[in-house]
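Below: one structure, written as structure tokens.
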Amino acid sequence: MAIYGFGTTEFQLVLLRRMADFNPDLVEQAVRRLGATRSSMREANKRWQAMIRSPRFPPGARRHTAVLGPPQTTGPRRIGDLACTAQQWPLPLWPDLRFEVLLGPAQAGAPLLNAWLVRAAGAPAPVLRTLADLVPWSCVVADVGAAFPPAVPREGSAPTRLRLDFTAPDAAGRPLACTADFTWGLLQEVRPAGLGR
């Protein structure tokens with residue numbers, strides 16, 4: 001399924017465009033796997049930005065359905081006292097992950113609360129014991145949060161980015177306070193806390 005010739009491949013290029021600031025080599029490999037080029041990645045991002053600003057483009061989660069087709073799964077999700085709905089789509093670049101949109105309560109007009117990559121149900125999470133295990137693109141926000149509690153989420157440097165502050169052992173077993181940067185929910189880099197990007 002695609003709208004205006006914009007489908008799953010183009011959407012993945014949009015996700016990659018936002019990751020290129022952190023891991024250009026990984027992005028380059030992924031772009032080639034999609035049979036695309038850096039210029040087509042930039043063009044896909046430009047088209048996406050124009051589409052989401054257009055009054056004719058479907059709002060909220062409907063924009064993802066227009067581009068990716070019907071969600072693979074739809075189910076209830078509680079965030080504190082808030083009854084939400086989660087919709088998920090598979091993406092070929094990340095077979096163990098799903099692109100998830102989280103919608104607020106229907107009585108509030110079902111606003112889009114979040115959109116990011118999450119671990120697919122039944123897909124094993126990576127074993128994360130030390131900082132050496134935190135390899136770019138190997139894990140999502142929930143994986144790191146579960147491995148190194150209590151991780152504290154913070155706003156990232158852009159709307160598609162998030163940071164987690166946490167403590168994890170280094171190679172010698174010494175605990176080190178760190179910050180992890182995620183784009184669309186996927187790990188991009190880990191650095192000692194206090195060293196900003």
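The values are calculated or read from the model by the stated rules, or taken from the named source; none is laboratory data. These numbers were taken from a predicted model, which means no experiment stands behind them. In this analysis, Cβ positions are derived from the backbone assuming ideal geometry, glycine residues included, and neighbour counts consider all displayed protein chains. Quick note on the areas: whole protein, heavy atoms, side chains included, nothing else; ligands and nucleic acids left out. Shrake-Rupley method; radii C 1.70, N 1.55, O 1.52, S 1.80 Å.
Only residues that are touching a residue at least 24 places away in the same chain (Cβ under 8 Å), on the phi > 0 side of the Ramachandran plot and open to solvent by less than 60 Å² (accessible area, probe 1.4 Å) were counted in the range 1-51, giving 0.
Scanning the range 67-79 for residues that are among the hydrophobic types (A, V, I, L, M, F, W, C), within 18 Å of W116 (Cβ to Cβ) and at pLDDT below 90 turns up at least one hit.
Scanning the range 65-123 for residues that are among the basic types (K, R) and open to solvent by less than 80 Å² (accessible area, probe 1.4 Å) returns R98, R119.
The conditions of being closer than 29 Å to A180 by Cβ, among the basic types (K, R) and more than 15 Å from the chain's Cα centre (by Cα) are not met by R53. Only a single criterion out of (1) in contact with a Leu (Cβ under 7 Å, 6 or more places away or on another chain); (2) open to solvent by less than 70 Å² (accessible area, probe 1.4 Å) is not satisfied by R163, namely (1). Scanning the range 140-157 finds no residues that are touching a residue at least 40 places away in the same chain (Cβ under 8 Å), open to solvent by less than 50 Å² (accessible area, probe 1.4 Å), in a loop (DSSP other than H, G, I, E, B) and hydroxyl-bearing (S, T, Y).
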